[in-house]
Amino acid sequence: MVGKAIRTALATVLVGGLFGYLVTSLGGPLVEELSVFGTRESTEARTYMIGVLENEPETLASLTPKGDIVSRAMQYLQSDEAQGQWTPLSLTYLGGSAKGGLQVHMYAIELRSASGREQFIPLALTLSNGKVIRRE
Amino acid sequence: MSELGTAIGQAQVAAERPAVRLSGAVTVLLFVLGILAGIAVARYASPPPPPNPYAELSGVGEPPESAALVQVILADDARTLSRMAGSEVLQGLGQALDPLQEVFEAKFVGGTARKGDILAAYVFTGRGQTGQTFSVGAVFRVSGGKVIGVN
């Protein structure tokens, strides 16, 4: 009798848990796709941008589709050359959209070069399956 | 006779397996607990973006200069676009809109400003060469009352 009551209680919690998980994980992206409350900034896009500003080639490599050895070597070379060339001042998320598995996220960054010159640059990222497939 | 037998059988089953019913309030409470646990698991599975370690500029509304240009793009009016934008802006726009051949939707998603320079971000949706629908992001740089660049 007690065993059955526990089983019934566990089943109720399990059904509730499944319902909560599905509503959160499926409902969130659906609401974003319909642009009801605007698009939430993606974790991968923010991590990628911090990787760009902190000059972290490993982070950038983990968030881009695996390319050929030459392009990967080029990325490391560019990163080495950029070391100490500029200091990031600000990172601002402008907005984005999510449609059909593709996400677009746009940022504005402020940089100061070693010579003291300041730059105000936009960057648009296109993501597919959590990977940055285009950087404009 | 057979009805009597069925009734006796049912009574035996009821005696062997007493019905276990949770009260309505307990069931609702357990279900709500389950929902909260499910939401927690889903949040853990997709964590929020890491904190921004840098300063963040405040947002601005859509500048009328970029809005006018976007209207011309949506109207597919190449003649007017050529009059409104210089070759550098057109080149940047072409790269930003690639691979779209036809734009049927444009949405301003946000903007920011610094020392008179405004960056206005748009998402353009349209058709590519193969007929597939794509969305691309383009950021217009507005300064001195006109669009001076597109990324």
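Looking at A:R134, A:R112, A:R72, can you tell me which residue is among the basic types (K, R) and under 20 Å from B:T125 (Cα atoms)? Only one candidate qualifies: A:R134.
Exactly one residue out of B:G137, B:G145, B:G111 is touching a residue at least 40 places away in the same chain (Cβ under 8 Å) and surrounded by fewer than 14 Cβ atoms within 10 Å (Cβ to Cβ): that is B:G145. Counting only residues that are surrounded by 14 or more Cβ atoms within 10 Å (Cβ to Cβ) and basic (K, R), which one in the range A:1-60 is modelled with the highest pLDDT? Of everything passing the filter in the range A:1-60, A:R46 is modelled with the highest pLDDT. Listed by first and then second residue, the pairs with beta-carbon distance under 6 Å, at least 6 apart or on different chains, first residue in the range B:61-74 and within 15 Å of B:L93 (Cβ to Cβ), second of a type outside the set (G, A, S) and crowded, with 21+ Cβ neighbours inside 10 Å, are B:E65/B:V142; B:E65/B:V147; B:S66/B:F140; B:S66/B:V142; B:S66/B:V147; B:L69/B:V147. If the condition is being touching a Lys or Arg at 6+ places or on another chain (Cβ under 9 Å) and of a type in the set (D, E), then the range B:81-124 contributes B:E102, B:D117.
The values are calculated or read from the model by the stated rules, or taken from the named source; none is laboratory data. Since the model is a prediction, treat every value here as computed from it, not as a measurement. So basically every Cβ, Gly included, is an ideal-geometry build from the backbone, and we count neighbours across all protein chains shown.
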